[in-house]
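**Student:** One structure, pasted below without further comment.
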Amino acid sequence: MTPLRILTVDDELLALRRLKLLLQKIGNVDHVGEATGCVEAVAKIALLKPDVVLLDIKMRDGSGFDVIDALQEHLQPPVVLFVTAFDEFAVRAFDTAVADYLLKPVEKERLVRALDRARQRSTSVDAEQRADELQHVVRQLRSARHQGRNEAYESEFWLRGAGGLVRVHVDAIDCVSSEDEYVGLHTATGTHLMRSSLRQFADRVEPRLFVRVHRGWLVKESAIAELRTRGADGPEVVLRNGRRLPTGRVYLKHLRRIVHLPTSSHPAKARSARI
């Protein structure tokens, strides 16, 4: 049996590495390459002509849907297996659809089943029909996003740790700092680095869960214990764990609304407020 030629696409290098390690444990597959964004994915699909693409839905330079749009020009489009962190409406759409999906973190047994299904489809369904069916699924997914129903966000991140992969739940993150090309996810047990920006992180988690307090800091709203507007070192927020973080004056008005503080700048009234 001819090995399945597989291309993996994800904007997180750790996720690509995990998929590569999983594929190495599966027989009769050939991992021909990987891409970290939409533009690169389209180019490598044209160059490498994989049988199957493991395609992340959310990426920095677009979405997996954009890659599917570009595949319309290919005479022999690959079978696409969508990869998603937590996407309830996608799960429902795929339940009755011909395309398949994998939830992050991808498990070996689930990946094997998906690849078996992809092999069957690549031989039993012609390329034109596969392309039409895939476009139908994408239209469903885009429609659900546009209508704002069950918008899905990350509930956890898989990051590199000293002993391997570390799962960091969003609920465990108290604050997020900007660290050049990375962000630091600060939890009660330590800090974990992830390649991202503060804006990209905020786009991937549930809205209003984190609030910007400084150009270099996001803080979980529920972790804020106190807002000090006229401290000796300038405005700052105090977290429930006692940590103190600088607060940019441009963010004060919004922070006051969040913690139900008055917008008065009178020193006696604005010196500090406890939640």
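The values are calculated or read from the model by the stated rules, or taken from the named source; none is laboratory data. The shown structure was predicted, so the numbers you read here are calculated from the model rather than taken from an experiment. Counting neighbours? That spans all protein chains shown, and the Cβs are built from the backbone with ideal geometry, glycine included.
**Student:** Could you check, for the stretch 226-233, whether at least one of its residues is modelled with pLDDT of 90 or more and out of contact with any Ser or Thr (no Cβ under 8 Å at 6 or more places or on another chain)?
**Tutor:** no
**Student:** Got at least one residue in the stretch 169-189 being buried (at least 17 other Cβ atoms within 10 Å of the Cβ), in a helix (DSSP H, G or I) and at pLDDT 85 or above?
**Tutor:** Yes; the residues of the stretch 169-189 include at least one that is buried (at least 17 other Cβ atoms within 10 Å of the Cβ), in a helix (DSSP H, G or I) and at pLDDT 85 or above.
**Student:** Residue 149 passes all but one of (1) modelled with pLDDT of 80 or more; (2) among the charged types (D, E, K, R); (3) over 16 Å from residue 209 (Cα atoms); which number fails?
**Tutor:** (1)
**Student:** Filter the stretch 1-35 down to the residues that are assigned to a strand (DSSP E or B) and β-branched (Val, Ile, Thr), then identify the one that is farthest from the chain's Cα centre (by Cα). Before you say what the answer is, go through the steps one by one.
**Tutor:** We begin by selecting, within the stretch 1-35, every residue assigned to a strand (DSSP E or B); these are 4-9, 29-35.
Then drop every residue that is not β-branched (Val, Ile, Thr), which leaves 6, 8-9, 29, 32.
Numbers: 6: 22, 8: 16, 9: 13, 29: 26, 32: 24 Å.
It comes out as 29.
**Student:** Next up: Do we have residue 114 as in the same structural domain as residue 78 (by TED's automatic domain parsing) and modelled with pLDDT of 75 or more here?
**Tutor:** Details: in the same structural domain as residue 78 (by TED's automatic domain parsing): yes; modelled with pLDDT of 75 or more: yes.
Yes.
**Student:** If I filter the stretch 163-193 down to residues being touching a residue at least 24 places away in the same chain (Cβ under 8 Å) and charged (D, E, K, R), which single residue comes out as nearest to residue 215 (Cα to Cα)?
**Tutor:** Out of the qualifying residues, it is 174.
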